[in-house]
Structures are given as structure tokens and as C-alpha cells.
1. Would you be able to tell me the number of residues in the range 1-60 that are loosely packed, with under 10 Cβ neighbours inside 10 Å, small (Gly, Ala, Ser) and in contact (Cβ under 8 Å) with a residue 24 or more places away in the chain?
2. Taking the range 66-91 as the region of interest, how many residues are open to solvent by less than 50 Å² (accessible area, probe 1.4 Å) and either of a type in the set (Phe, Trp, Tyr) or more than 21 Å from VAL15 (Cα to Cα) (or both)?
3. Which one is farthest from ALA14 (Cα to Cα), of the residues in the range 34-65 that are basic (Lys, Arg) and under 8 Å from the mean Cα position of the chain (by Cα)?
4. Looking at the range 78-89, I want the residues that are closer than 21 Å to GLY68 by Cα and have a partner that is among the small types (Gly, Ala, Ser) and loosely packed, with under 11 Cβ neighbours inside 10 Å with Cβ atoms under 9 Å, at least 6 apart or on another chain. Which pairs are those?
5. Restricting attention to the range 75-88, does a residue exist that is outside any strand (DSSP E or B) and in contact with a Gly (Cβ under 9 Å, 6 or more places away or on another chain)?
Amino acid sequence: MVNASSRFEAVIAAVDRYNAGDPRQESAGTGSEPREVVYARRMTFHLSQLYPDASETLQIAARAQHIGRWEVPRHSYPPGREGYHAWRLAC
């Protein structure tokens, strides 16, 4: 039987694997990594600072909030508030 901690770690790993497909790169101390992987780690860190006892559900939500965001480029929508809202609904 898989325990809750193993499931949590598996979900986090799956989010990171999916975000590793981001073709955009960002410096991450030890070199360049996919941008959304760096962002997801940063969100996990900030959540741990604000809410050290955050539930696994909240930790997953923070880690996965931008999952696959590169797949629908913001620049493919009009500039401005209406374009931003249309883009967010498409994501």
C-alpha cells in the first residue's frame, strides 16, 4: 500500500516532470533550468516560509499553479486587461 507521504512526493515529482517540458530557461544558481520548474520551487519555498504547516493539498496547489503555462503564450492574446483575462481563462 502507498502511504500519503509517498503519494504526495509522487504528485510533486509529476508536476516537476511536466514543467520540465517548458522550453524557456531561467538561471537557477547551478545553471539553467526550465522556467516553470524554477517558479514552482520558488512558490514551494515561499509557502513554507509563510505557512510552515501547510497541508499537502495547499503545497500541491502552490507547486502546480503554473503547470503547463508556457503552452498558451500570453503574447498570443491582445494586450491589456481583457486580453489578460481571456488568456487566463484559456490556461
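1. The number of residues fulfilling the criteria is 1.
2. 5
3. ARG41
4. Pairs that qualify, where the first residue is closer than 21 Å to GLY68 by Cα and the partner is among the small types (Gly, Ala, Ser) and loosely packed, with under 11 Cβ neighbours inside 10 Å, are TRP87/SER76.
5. The answer is yes, given that some residue of the range 75-88 is outside any strand (DSSP E or B) and in contact with a Gly (Cβ under 9 Å, 6 or more places away or on another chain).
The values are calculated or read from the model by the stated rules, or taken from the named source; none is laboratory data. This one's a predicted model, so the numbers in the text were calculated from it and none came from an experiment. Backbone-built Cβ (ideal geometry, glycine too); neighbour counts: all protein chains shown. Heavy atoms of the whole protein, side chains included, go into the accessibility calculation; ligands, DNA and RNA do not. Shrake-Rupley method; radii C 1.70, N 1.55, O 1.52, S 1.80 Å.
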